[in-house]
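One structure is given below, encoded as structure tokens.
Taken together, the values in this text are just the output of simple stated rules run on the coordinates, not laboratory data. Just so we're clear, the structure is a prediction, and the values are computed from it rather than from any experiment. Counting neighbours? That spans all protein chains shown, and the Cβs are built from the backbone with ideal geometry, glycine included.
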Number of protein chains: 2
Amino acid sequence: MSVRGVCLDIAGVLTDSGRLLPGAAEALQALDAAALPWRLLTNTSRRPQTAILAELTSLGLPVQAEQLFAAPRVVADAARARGLRPYLLVHPDIRAEFAGLDCREPNAVVLCDAAEGLDYRSLDQAFALLRAGAPLLAVGLNRYFQGRERLELDVGPFVKALEYAAGMEAEIIGKPGRAMFELACASMGLAAADVAMVGDDVEADVAGAVAAGLQGILVRTGKYRDGDEQRLPPGAVCVDNIAAAVALLV
Amino acid sequence: MSVRGVCLDIAGVLTDSGRLLPGAAEALQALDAAALPWRLLTNTSRRPQTAILAELTSLGLPVQAEQLFAAPRVVADAARARGLRPYLLVHPDIRAEFAGLDCREPNAVVLCDAAEGLDYRSLDQAFALLRAGAPLLAVGLNRYFQGRERLELDVGPFVKALEYAAGMEAEIIGKPGRAMFELACASMGLAAADVAMVGDDVEADVAGAVAAGLQGILVRTGKYRDGDEQRLPPGAVCVDNIAAAVALLV
């Protein structure tokens, strides 16, 4: 594959359950050595950008702030850029990302995994705003995530609920939506076609990237399950792990 | 139209905002006079069967218990008949319908408009059961209902959320599902093809009935909106109100 830059998912590609996956640090070093710029793209919606950076550093992955695209921060930036006054359905731990936004008399809904804050009243309030024409900005479409003991509900089902209720379509800012892919490529000064996305989620990472014009690489780590490669979009490839993915690229 | 029995929706067909619609009482009398048996079918999920009967009687519509099919009661009967131990997401006001069901170590999920009881924890609990293979019995697919001041979220969006999360399909017991239509026809000793359904909801009442083999009549009262007749299934008809519907049938 011929690329001029790389986007990478974090969980399941570079890390797993708070540990570094084998070859992750070496892979980023190899990209640096080949002068290939890279960005990390995550839909994680229960930790602020600063906490993710701190964790990566503590694991031995030196990542600069401008190399990390965390979907909640991107959602907040989009709301600011468009002058929206969002009704916030967000996890308490990432509320600070939305500091400075005027949320009075809301004219938009932002849905970033509110967890315990998601209840009938808050969803009904969001529904009323959507019915009145407000846009819905959502962090992603993930169905569930690996919790401490079992899979737990992620934000996607609540996006689907509100879309169905109000008869409208959400703007998915994080993966598999286009917005975060486009911002990451633009931050490297590259066209999407010159960038490959490496991920363990065939839908959000790989199909989303290909739909946004990037090249796609699926790794057989993290949430990868046997047979996922049957659902690869045309042109995308599947390799064993991050080391194999980077070997394809440098 | 040639029929041997009739099913009717209540809200928007016979009543509106707690009042009788013009011609409603006369319509039921005309069916009785023509010796056409009839059943009332409602997805109302915030009032028990007994309260619905009492309200109809107080409005001057003498309805016998066996003539009323309220979806929550039908859901409860289905759970009992199948020996299910449901995890109940139901409105507090209809909890009594589920009396006697063993709900320990649940092996099914029942979703009947829990309103304030629907929150992240309860939906996540339902999700875990569905992932483990439990069936999801839902009262209906309604997107919203007319609340006191505005449209409010109904049960349908939560069905869609759980279906998306767990990658499975709910059994819709009330309209537009087949189960309640089939039970109503069976209670009159009639084949579905010999029964017409009269409703104001082109999807839940009319398309649902036609999919279950009944004939379909849409009335231009209640939640009917201009243009709904464009979405009628083949063979179904649209008339102004309950009086016109019954005139077609007797």
Restricting to segment A:104-120, and then to whatever is assigned to a strand (DSSP E or B) and within 14 Å of chain B (Cβ to nearest Cβ), can you tell me which residue is surrounded by the fewest Cβ atoms within 10 Å (Cβ to Cβ)? A:ASP119
Among the candidates A:ALA81, A:ALA96, A:ALA51, residue that is out of contact with any Phe, Trp or Tyr (no Cβ under 8 Å at 6 or more places or on another chain), away from chain B (no Cβ under 14 Å), surrounded by fewer than 19 Cβ atoms within 10 Å (Cβ to Cβ) and within 24 Å of A:ALA166 (Cβ to Cβ): A:ALA81
Checking the conditions here, which among B:GLU149, B:GLU105, B:GLU169 is closer than 21 Å to B:ARG80 by Cα and out of contact with any helix residue (DSSP H, G or I) (no Cβ under 8 Å at 6 or more places or on another chain)? B:GLU105
Regarding B:LEU129, is this residue out of contact with any His (no Cβ under 7 Å at 6 or more places or on another chain) and either within 14 Å of chain A (Cβ to nearest Cβ) or assigned to a loop (DSSP other than H, G, I, E, B) (or both)? yes
A:ALA76 - would you say it is in contact with a helix residue (DSSP H, G or I) (Cβ under 6 Å, 6 or more places away or on another chain), away from chain B (no Cβ under 14 Å) and more than 24 Å from B:LEU153 (Cα to Cα)? yes
When you scan segment A:178-192, do you find a residue that is in contact with an Asp or Glu (Cβ under 9 Å, 6 or more places away or on another chain) and among the basic types (Lys, Arg), even just one? no
Mind telling me which of the residues A:LEU21, A:LEU41 ends up being in contact with a Phe, Trp or Tyr (Cβ under 6 Å, 6 or more places away or on another chain) and of a type outside the set (Val, Ile, Thr)? A:LEU41
